[in-house]
Amino acid sequence: MTTVGTGRLTIDRPLPAIVGGEARPVPDVIAAVEPATGRTWAHVADCDAAVVGEAVTSAAAAFETWRATSLAHRQAVLWAIADRLTATAADWPALLATENGRAIREAGLIDVPTAAEIFRYFAGMARGVHGETIQGAPETSHVYTRREPLGVIAAIVPWNSPLISIAHKLAPALAAGNTIVVKPSELASVSTVRFVEAIADLVPPGVVNVVTGLGATTGDALVTDPRIAKISFTGGSASARTILSRAGARLTPALMELGGKGSLIVGPDADLDTLTDDVLTGIFAANGEVCFAASRLLAHADVHDELVDRITARADRIRVGDPLDASTQVGPLISAAHRDRVVQAVDRAVAEGATVCAGHRVPDLGGELGGGAFYRPTVLTDPDGGTSASCEEFFGPVLTVERWSDEDEAVARANSVAYGLACGVWTTDLARAHRIAGRLEAGMVWVNTWFATPLGQPQGGVKASGFGREGAAETIAEYQATKVVNVSLDTARPPMWD
Ligand code: NAD
């Protein structure tokens with residue numbers, strides 16, 4: 001890795017695919033574009049179906065030995081990966097900030113330690129893998145289950161938190177005894193290749209392979225390979241539909257972590273001081289490019305106006321700038337094309353009746369940042385939730401605030417969207433908190449907080465937000481099949497045949 005004259009990161013060798021523990025050079029490359037400047041800063045391999053096939057072959061061969069490793073060994077490997085991440089923690093933030101525009105302070109504070117913690121959590125879980133004895137079986141038999149790995153996992157991840165997304169797939173899949181082929185997003189592949197290079201000496205060859213390239217070509221070749229035992233996907237619903245139709249044709253099982261439109265319902269009795277901070281974090285952390293984002297605030301009429309004033313004033317003060325600058329709070333979006341989509345989506349919502357209270361401006365930061373995909377943090381009001389801003393996932397720093405007076409109506413509005421990932425309720429009334437939490441259609445509900453995701457707490461959605469859970473004990477089961485063994489302990493049989 002080198003830096004250019006401006007001090008920005010540049011990688012001057014094309015990054016290869018990683019197959020069987022070795023670099024697999026590929027003649028065709030894809031440019032990695034830095035969102036803050038629009039310049040090309042690296043190149044990654046554009047893998048065709050033949051390279052994908054090699055990666056699956058390598059993972060299938062490695063599965064035969066990896067599946068037989070002791071739980072203690074898998075635990076040690078996962079713990080060593082976590083240690084490697086921690087020991088190299090200083091190397092990642094600039095890379096992540098360059099790659100997807102994540103503010104460097106967040107990359108250091110959140111992405112690297114979270115990824116390490118995911119490996120440590122599943123290192124612990126690895127030792128707990130066990131089957132069960134079925135006690136309801138007759139005394140004349142001994143029936144037990146074994147939890148067995150599935151085989152080769154195809155892991156497909158998005159660009160918004162690459163290190164964390166990879167950790168969420170690799171750690172449980174390896175703990176359960178599977179091998180893996182990872183396909184990162186074409187918009188953020190460099191960190192994944194670097195990560196797998198960085199752990200190459202810790203995992204046996206072929207256990208972790210990486211193919212880079214476009215979804216429609218490289219990704220499609222991976223999910224349609226008949227040797228894939230399970231697809232583990234994180235990304236958007238359009239890609240999920242295509243992948244599931246391909247998986248359906250082969251009956252390949254899948255775990256789907258998809259998008260969201262997170263509603264935070266604020267009661268009339270909420271503590272507005274803490275709430276305001278959490279609302280800002282909920283929508284503007286990671287540049288608003290988070291599936292769990294609190295993108296929709298449903299505020300009780302008693303607190304609505306004050307809340308809008310507070311949030312607007314704070315949003316206007318947010319420092320948007322170079323993600324490599326430690327004082328930056330919000331960096332650029334992933335690309336100019338994505339920024340333009342967000343701008344158009346907000347324009348549409350305004351045409352439908354939403355009001356802009358803060359942001360909705362493309363700032364000109366000048367100099368090398370002049371080509372960056374920047375967008376000011378935006379607050380809209382949409383009192384009765386009638387515009388598209390209250391139901392579409394923008395995947396950017398855009399908060400929509402609605403007003404409610406009737407609790408049933410607030411819950412109905414929150415549940416009216418296609419998604420069901422994360423929701424929240426903010427109130428000091430315990431009964432209200434539990435009542436609303438029980439009624440929200442979501443995989444996760446936060447009460448008087450947002451984004452709290454300790455390991456062990458299942459992460460995932462319902463409805464169009466997908467199925468399967470990551471980050472928890474039950475995740476191991478996503479990567480295993482139950483085999484039952486029924487042993488007869490006697491020779492007596494019913495008189496069925498002459
Ligand atoms: P995306 O769906 O465009 O791409 C995700 C990955 O799928 C990429 O690696 C892409 O190359 C690949 N892909 C696309 N089409 C494919 C195909 N036909 N076959 C195989 N692979 C294919 O999503 P994105 O734009 O990278 O990420 C944003 C989306 O991800 C948002 O909707 C966001 O909410 C969601 N997301 C969800 C979670 C979660 O945990 N629920 C986490 C992060 C992001």
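The values are calculated or read from the model by the stated rules, or taken from the named source; none is laboratory data. Because the structure is predicted, anything quoted here is derived from the model rather than measured. Note that we place each Cβ from the backbone using ideal geometry, even for glycine, and neighbour counts take in every protein chain shown. Surface areas here come from the heavy atoms of the whole protein model, side chains and all, with no ligands, DNA or RNA. Shrake-Rupley method; radii C 1.70, N 1.55, O 1.52, S 1.80 Å.
Listed values, structure above:
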item: FRET E, pair GLU22, LEU251, Förster distance 35 Å, beta-carbon r, rounded to 0.05; result: 0.60
item: Cα-projected label distance for ASP277 with THR491, points at 7 Å along beta-carbon direction, nm; result: 7.5
item: Value of relative contact order over region 327-408, rounded to a whole percent, pairs C-alpha under 8 Å and six or more apart; result: 31
item: Label point 7 Å beyond Cα of ALA437 along Cβ direction - residues of region 231-263 with amide nitrogen under 18 Å; result: 263
item: Taking region 282-343 and dividing mean pair separation by its residue count, relative contact order in percent (alpha carbons under 8 Å, at least six apart); result: 28
item: Helix-only mean residue ellipticity at 222 nm for the chain, each DSSP H run of n ≥ 4 adding -39500 (n - 2.57), per residue, nearest 500; result: -10500 deg cm²/dmol
item: If the convex hull is drawn through the Cα atoms of region 1-97, its volume per residue in Å³; result: 121
item: Rg to Rh, two decimals, where region 104-256 supplies the alpha carbon set and Rh follows Kirkwood; result: 1.04
item: Listed residues LEU455, LEU15 arranged by accessible area, highest first, probe 1.4 Å; result: LEU455, LEU15
item: Cα pair count fraction exceeding 18 Å, expressed as % - region 41-196; result: 64
item: Counting all C-alpha pairs of region 387-463, share separated by more than 19 Å (%); result: 39
item: Calculated FRET efficiency for the pair ALA216/ASP408, C-beta based, R₀ 51 Å, to 0.05; result: 0.70
item: Interatomic Cα distance distribution for the chain, bins of 10 angstrom, percent; result: 4, 19, 27, 25, 15, 6, 2, 1, 0, 0
item: Alpha-carbon Rg with Dmax, taken over region 24-69, Å; result: 15.9, 48
item: Gain in span if fully extended, ALA418 to LYS483, counting 0.36 nm per residue against the direct Cα distance; result: 19.8 nm
item: Accessible surface of the chain [probe 1.4 Å, protein heavy atoms]: carbon and sulfur percent; result: 55
item: Where ARG120, ARG250, ARG310 fall by accessible area, highest first, once all protein chains stay in place (1.4 Å); result: ARG250, ARG310, ARG120
item: Additional length obtainable on full extension of the chain from THR355 to ALA452, 0.36 nm per residue less Cα span; result: 31.9 nm
item: Cα→Cβ-extended label distance, 7 Å offset, between ALA326 and ALA473, nm; result: 4.1
item: Gain upon complete extension [GLU197, TYR144; 0.36 nm per residue less C-alpha separation]; result: 15.1 nm
